[in-house]
1. So what is the 222 nm mean residue ellipticity for the chain from helices alone, if each DSSP H run of at least 4 adds -39500 (n - 2.57) and you divide by all residues, rounding to the nearest 500 deg cm²/dmol?
2. When ranked by the protection proxy of mean other Cβ atoms within 10 Å per residue, highest first, what sequence do the peptides 127-135, 19-27, 93-101, 144-152 form?
3. Which one of Ile77, Ile91, Pro66 is farthest out on the positive end of the charge dipole of the chain, using unit charges on Cβ (Lys, Arg +1; Asp, Glu -1) and the Cα centre as origin?
4. Give me a comma-separated list of calculated 3J(HN,Hα) values for the range 31-48, in order, Karplus coefficients 6.51, -1.76, 1.60 applied at θ = phi - 60°, integers in Hz, x for any Gly or Pro.
5. If I build a Gaussian network model for the chain, linking alpha-carbon pairs within less than 10 angstrom, which residue out of Arg83, Arg175, Arg119 has the largest mean-square fluctuation?
6. Considering all alpha-carbon pairs of the chain, what whole percent are spaced by more than 20 angstrom?
7. If each residue of separation counts as 0.36 nm, what is the full-extension length gain between Glu15 and Ala111 once their alpha-carbon separation is subtracted?
8. Over all pairs of distinct alpha carbons, what does the Kirkwood formula give as the hydrodynamic radius of the range 1-110, in Å?
Amino acid sequence: MHHAETAPTFDDLRELLGEPGFTGADPAAWTALEREFGLVFPADYRHVLDAYGAILINDQLTLFHPATRWSNLAEHIRDEPERWVDVDPEILPPHPFGTGPGELFPWGHSACGAQAYFRLPHDAAEAWAIGIIDRVELEYLESSLSFTAWLLAYLRGENPDLDSTHFAPGRPFFRVLPQPEEPGCG
């Protein structure tokens, strides 16, 4: 299916996914995360996450957010390199894990064993990329689409990296992931 040649927008996502309702957006959480890892997240990614928060899309794809206690983006970024320490180097993706140029860090995962990553650009002339590691097939797929374009293709069932059609055969939907109410819980 071919769609208009204009760049995908947040409004396109909202039209398919539904109205956001996240009330925990906290610019300080992004600032602290960007300072800790020495990077600046893509604006469209921040916009989507601040509108929706840590969510589960189509009972398949979980998106992490820096201002939530559970499904916390910072924790996933910090913990990811350790998750791969004992993995056979022959099946590792072609990029190392971390937050340096050319490295991968997680922004979500799927119920079917896939992990979603950003691959940071090597320099300012290169764009961020989205990488999917299928932990069942042990395959790395990379897309040059922006986060908004990638997510929109996923919601439309047009994303070859991660299929959503059998999870949401009618209309895409999302659930806000529950968070502990007290700071000491978790």
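Please treat every number below as a calculation from the coordinates, not as lab data. This is a predicted model, so every value here is computed, not measured. Virtual Cβ from ideal backbone geometry, glycine too; neighbours counted across all protein chains shown.
1. On the way: 5 runs with 49 residues, N = 186.
Computed mean residue ellipticity for the chain: -7500 deg cm²/dmol.
2. My ranking of the peptides, most packed first, is 144-152, 127-135, 93-101, 19-27.
3. Pro66
4. 4, 5, 5, 5, 5, 4, 9, x, 9, 10, 5, x, 4, 5, 5, 4, 4, 4
5. Arg83
6. Numbers: 9330 of 17205 pairs.
Summing the P(r) of the chain above 20 Å gives 54 percent of all pairs.
7. Working: separation 96, 0.36 × 96 = 34.56 nm, distance 2.38 nm.
Residue separation times 0.36 nm, minus the Cα-Cα distance, leaves 32.2 nm.
8. Working: mean 1/r = 0.0639 Å⁻¹.
After inverting the pairwise mean of 1/r, the radius is 15.6 Å.
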